[in-house]
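Asker: Submitted below is the structure of interest, expressed as structure tokens.
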Amino acid sequence: MLGVPLCKGEDLWLDLPGNPSGYWESSSLSRFNEELLRAIGSAWWCPPRPGEVEQLLGDDAPVSQAHHLFFSLHETQTWVWKDPRTCVTLPFWRGVLDAELSCVLVLRNPLEIAASLAARDEISTRWALALWERYLRSALQALEGLPVLVTEYTDLLDEPDRWLDHARAFLGDRGLETDGEAADVPSFVRAELRHTSYADEDLFAAHDVSGEQQELHVLARSLVGTWDSFVTPPLPGETSSTDGLFESLRWSFPLDRRPSRHAVASLIREMPLETESENTMTTMHATTNGDLTAEWREWLAENLLLQVPPEQLVQALVESGTPEPAAQAAIESVLADPCWRAGAQAAQHLRKLESMLDIHQELDGLDGRPFALERASNLSRRDFLERYYARNRPVLMLGLTDGWPAHTEWTTARLKERLGDVEVEVQTDRESDELYELHSTEHKGVMRFGDYIDRIEQEAAGNDLYLTANNHFFERPETTVLFNDFTMPTEYLDPSAPPGTIFFWFGPGGTVTPLHHDVVNVLFVQVHGRKRFSLVPSLQTHRVYNSIGVYSDIDPSYPDLERYPRFGEATRLDFVVEPGEALFIPVGWWHHVEALDTSVSLSFTNFVFPNSYSWEHPSFDR
Ligand SMILES: O=C(O)CCC(=O)C(=O)O
């Protein structure tokens, strides 16, 4: 509109569904931004934390690729580049582009953004608000020190001529020439492209918006104006569920494909929103006048669906202070509710699926292969596929690591010598929290690798400290030297797979990874030390009390069978994986892992076979 050139015309994304005049974005740079995000275990729909994208500046390859790509698409002296993804990737580009940047930050009511993401990408409101919050906080931090015009989307649509004068003045003050004749305002700024309009009051009244998000919106609006050198103000903290949501997305879905709104819904419900203005949890008690609180009615319905005898439920209600006639009446009222009938029908369908799982398991036992962990060496690709991968059966592979330098190079002493100064992320303070795995984000800490090694050598065996797959060890550029210490078994794995498909586990004896299943197939290779595994087949998911995401409530070392009786019927495989052995963990198989010694393991997900699945997880909200 201002006559400042965009990227080369053939690279522009034009005429897209839902936005006929196009996004005015460079398709190559948008794709490149997405690759950058993937390289650090993120995606546009699951953005990184501020500070993460800078890691990529330590590696020459992406930096020179980015530089080359950018300037091959922009051959003019001045240019304009628009891409919302730069809100999170800007720190990388600031390190790459040897150009004087002037930035325009356009603010929009987050409810409008949510409506637009819902219409275009089927992204739910809570997810969209978390995206807006992460993008805006990242942008406000990344813009520090740059000339910035902070402006509002409504101003552009309501008074485009005035907005253009502002933009012209901002660019002109920075010596950027704009072409006064170029603007064909009506063809660009078309009010009908604005599908929704929300005021601040709507944001403050909306239940889905956290206190932190409201504060961020107000703060951002206070920054509107021209900045010669932008000063990032102290930002409100990020809503705690925002980080939790993105970490869960990162671990629950392949990053090359955005999960459906439906698949993400359970992760969102799992994390109650903490707002200042609302307290969503009413205390759970029964009133004495016979009307039960919503929580007790839900409890009743759930237990009736689980086929707990009504007499038992009456007794529990009476014990909690409800008069018996009121308890009886409450059960009758739940059973008379049409919602109950719908729920009971759905529960019956679920029971039917469970009975089919049991039948499959029974039939599986007829093939003469006993239910035991099979061991094999030198499996061909075809045998591995036919006997294990395609049949969703585990196998312990022997001899896969013969000749790997890692056997001598990955001792604590050698690792310390080689990488002692590298800063690594680790899980800490796990023993203070029963749900340490679920709360893994809160347990992350950064320390020198050498200090971490000292600590695991000095402290007694235990579960407090562990460098897990979730700590992105191989995403640190300094660690790539370790790739020379093992040979990828290309019979089963694809060496050209992107980074982020190979993981490093390193901890003292005593670490425990609680019972869970992975969302993809995994080849788990034990390099040093031993680990004890308990495996439960995927077809027995209905016996493991999977109340949260991919986690079970059961501790297989001490299962409380009174509380979790169905686990007593589960068949399980218990065994120890020795150094040099590799366990194929089929997708969906439950596993609990305990290190018996100081241990180094690798896990691979880059199979030469398809390895990406759609999952539905149970709700996290209790
Ligand atoms: O080694 C561990 O502690 C856990 C390994 C694991 O759960 C996995 O690779 O999925």
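Each reported figure results from applying straightforward, stated rules to the coordinates on display, with no laboratory input. Every value quoted in this text rests on a predicted model; they were computed, and no experiment measured them. Virtual Cβ from ideal backbone geometry, glycine too; neighbours counted across all protein chains shown.
Asker: What Kirkwood radius, in Å to one decimal, follows from the Cα pairs of segment 284-368?
Answerer: 14.5
Asker: Classify segment 361-427: rounded, prolate or oblate, from the alpha-carbon gyration tensor (a ≥ b ≥ c, eigenvalue square roots; a/c under 1.5 rounded; otherwise prolate if a/b is larger than b/c)?
Answerer: prolate
Asker: If we count every other residue with Cβ under 15 angstrom of Asp597's Cβ, Lys/Arg +1 and Asp/Glu -1, where does the sum land?
Answerer: Result for the local shell: -2.
Asker: Considering only lysines 8 or more places apart in sequence, or on different chains, count the pairs in the chain whose C-alpha atoms sit under 29 Å apart. Don't jump to the answer; show the numbers that get you there.
Answerer: Numbers: Lys8/Lys82; Lys416/Lys444; Lys416/Lys531; Lys444/Lys531.
Lysine pairs meeting the criterion: 4.
Asker: In addition: By the gyration tensor of its Cα atoms, with a ≥ b ≥ c the square roots of the eigenvalues, what is the shape of segment 62-153: rounded for a/c under 1.5, prolate for a/b over b/c, or oblate?
Answerer: The shape class here is prolate.
Asker: For Ile113, Ile331, which order do you get if you count the other beta carbons within 10 Å of each Cβ and list the fewest first?
Answerer: By the 10 Å Cβ count, ascending: Ile331, Ile113.
Asker: Taking the number of other C-beta atoms within 10 Å as the exposure measure, put Val106, Val522, Val576, Val314 in order starting with the fewest.
Answerer: Ordered from fewest to most neighbouring Cβ atoms within 10 Å, Val106, Val522, Val576, Val314 come out as Val576, Val106, Val314, Val522.
Asker: Within 10 Å, count the other beta carbons around each residue, average over each peptide in 25-35, 356-366, 242-252, 93-103, and list them highest first.
Answerer: 242-252, 25-35, 93-103, 356-366
Asker: Which of Leu111, Leu373 comes first, and how do the rest follow, when ranked by fewest Cβ neighbours within 10 Å?
Answerer: Working: Leu111 23, Leu373 15.
Fewest-to-most ranking of Leu111, Leu373: Leu373, Leu111.
Asker: Hey, another quick one. Output the peptides 120-130, 604-614, 446-456 sorted from most to least packed, where packing is the average of other Cβ atoms within 10 Å over each peptide's residues. Intermediate results must be reported in sequence, preceding the final value.
Answerer: Details: 120-130: 20.7, 604-614: 15.9, 446-456: 18.1.
Listed from highest to lowest mean packing, they are 120-130, 446-456, 604-614.
Asker: At 0.36 nm per residue, and after removing the present C-alpha to C-alpha distance, how many nm does the segment from Asp161 to Leu305 gain when stretched out fully? Please report the intermediate quantities before stating the final value.
Answerer: Details: separation 144, 0.36 × 144 = 51.84 nm, distance 6.20 nm.
So the chain would gain 45.6 nm between Asp161 and Leu305.
Asker: Less than 12 Å Cβ to Cβ from Pro489, Lys/Arg counted +1 and Asp/Glu -1: what total charge do the surrounding residues give?
Answerer: That works out to -2.
Asker: Between Ile123 and residues 5 or more places away or on another chain, which pairs have amide H atoms under 5 Å apart, with H built 1.01 Å from N, and which residues are they?
Answerer: The answer is Ala118.
Asker: Only Cα pairs under 8 Å and at least 6 apart count here; give the relative contact order of the chain as a rounded whole percent.
Answerer: Contact order relative to length: 12 percent.
Asker: Can you give the FRET efficiency to the nearest 0.05 for Glu478 and Arg174, using r as the Cβ-Cβ distance and R₀ = 41 Å? The partial results should precede the final answer.
Answerer: Details: r = 38 Å, r/R0 = 0.93.
That gives a FRET efficiency of 0.60.
Asker: Once the principal axes of the Cα atoms of the chain are found, what is the range along each, listed largest first in whole angstroms?
Answerer: Here the spans come out as 80, 74, 46 Å, largest first.
Asker: What would the Debye formula give as log10 I(q)/I(0) at q = 0.12 Å⁻¹ for the alpha-carbon point model of segment 382-521, no solvent?
Answerer: -0.59
Asker: What is the distance in Å between the Cα centroid of segment 118-183 and that of segment 285-350?
Answerer: Comparing the Cα centres of segment 118-183 and segment 285-350, I get a distance of 53 Å.
Asker: Would you mind putting 79-91, 151-163 in packing order, based on average other-beta-carbon counts within 10 Å, highest first?
Answerer: Details: 79-91: 20.1, 151-163: 15.8.
So the peptides 79-91, 151-163, ranked by packing, come out 79-91, 151-163.
Asker: Can you work out the FRET efficiency for the pair His360 and Trp13, with r the C-beta to C-beta distance and R0 = 41 Å, to the nearest 0.05?
Answerer: Efficiency, from the Cβ-Cβ distance: 0.30.
Asker: Determine, from the Cβ-Cβ distance of Asp202 and Arg414 and an R0 of 45 Å, the FRET efficiency 1/(1 + (r/R0)^6), rounded to the nearest 0.05.
Answerer: My answer for the efficiency is 0.15.
Asker: Now for a separate question. Measure nothing fancy, just the Cα-based angle from helix 110-121's long axis to the longest principal axis of the chain, in degrees from 0 to 90, nearest 10.
Answerer: 70
Asker: Gain in length, Thr293 to Val576, computed as 0.36 nm per residue apart minus the alpha-carbon separation, to one decimal in nm?
Answerer: 97.0 nm
Asker: Also: Enumerate the calculated ³J(HN,Hα) couplings along segment 90-96 in order (Karplus 6.51 cos²θ - 1.76 cosθ + 1.60, θ = phi - 60°), each rounded to whole Hz, writing x wherever the residue is Gly or Pro.
Answerer: Working through the residues one at a time gives 3, x, 5, 5, 5, x, 9 Hz.
Asker: To the nearest µm²/s, what D does Stokes-Einstein give for segment 9-270 at 10 °C and 1.306 mPa s, using the Kirkwood radius over alpha carbon pairs as Rh?
Answerer: 81
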